[in-house]
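Trainee: Sending over a structure as structure tokens; questions will come in a sec.
Values quoted throughout were computed directly from the atomic coordinates according to the rules given, and no laboratory measurement underlies them. No experiment lies behind these values; they were computed from the predicted model shown. With ideal geometry, Cβ positions are generated from the backbone for all residues, glycine too; neighbour counts draw on all protein chains shown.
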């Protein structure tokens, strides 16, 4: 298995991950939808936007031209701070627990610090029902708040001085 930046993925392989056939969602959309109850569609236009954006980093875990996982981070620039928001860490059900997610997260965090040295925090949201808290704790994330109205928790990992 190898972790490949979206920009380094061959156009042919990316096209195969985005191909919709016989009324079926693309492989990338199926993966994006696999860990949530939401029906998520990854469009070629959205991927093109991510490819051109200076504020996004996306990695894919690939083995023998099969998509095993993906992660997406985005730089968010505020008045006092910049941070990287982790939108997705998704791993194919059959390989979960085998280190794919850990490799994706490790590479994303390293790439974020390198690409955007001004960021002072990594941040993501998740629901406790997904059981991701212990996974992200391995990378130094801590639960920061519980937002009212739902069970979503904000997880943060400070890497600099965060000013609110």
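Trainee: Taking R0 as 25 Å, what FRET efficiency do you get between residue 48 and residue 127 from their Cβ-Cβ distance, rounded to the nearest 0.05?
Mentor: 0.25
Trainee: Give the order of 26, 164 when sorted by the count of other beta carbons within 10 angstrom, beginning with the fewest.
Mentor: Listed from fewest to most nearby Cβ atoms, that is 164, 26.
Trainee: Give me the compactness ratio for the chain, meaning the Cα radius of gyration over 2.2 N^0.38 Å.
Mentor: 1.04
Trainee: Continuing with the same structure: Grab the beta carbon distance between residue 7 and residue 154, set R0 = 25 Å, and tell me the FRET efficiency rounded to 0.05.
Mentor: That gives a FRET efficiency of 0.30.
Trainee: Can you put 162, 83 in order, fewest other beta carbons within 10 Å first?
Mentor: Taking fewest neighbouring Cβ atoms as first place, the list is 162, 83.
Trainee: Can you tell me which of 39-46, 51-58 comes out highest on packing, and rank the rest after it, using the mean Cβ neighbours within 10 Å?
Mentor: So the order, starting with the most tightly packed, is 51-58, 39-46.
Trainee: So what is the 222 nm mean residue ellipticity for the chain from helices alone, if each DSSP H run of at least 4 adds -39500 (n - 2.57) and you divide by all residues, rounding to the nearest 500 deg cm²/dmol?
Mentor: Result for the chain: -7500 deg cm²/dmol, rounded to the nearest 500.
Trainee: Can I ask one more? If neighbour count is taken as other Cβ atoms inside 10 Å, put 138, 115, 37, 103 in order from fewest to most.
Mentor: 37, 138, 115, 103
Trainee: Running Debye on the range 1-68 with equal point scatterers at the Cα sites and no solvent, what base-10 log of I(q)/I(0) appears at q = 0.17 Å⁻¹?
Mentor: Relative scattering, expressed as log10 I(q)/I(0), comes to -0.62.
Trainee: Now a separate question. With each pseudo-label sitting 7 Å past Cα toward Cβ, what's the residue 21-residue 76 distance in nm, one decimal?
Mentor: 3.9 nm
Trainee: To continue, here is another question. If I take all pairs of Cα atoms in the range 54-109, what percentage of them are more than 14 Å from each other?
Mentor: In whole percent, the share of Cα-Cα pairs in the range 54-109 beyond 14 Å is 54.
Trainee: Next up: If you line up the long axis of helix 100-115 against the longest principal axis of the chain, both from Cα atoms, how many degrees apart are they, to the nearest 10?
Mentor: Compared with the principal axis, the helix lies near 60 degrees.
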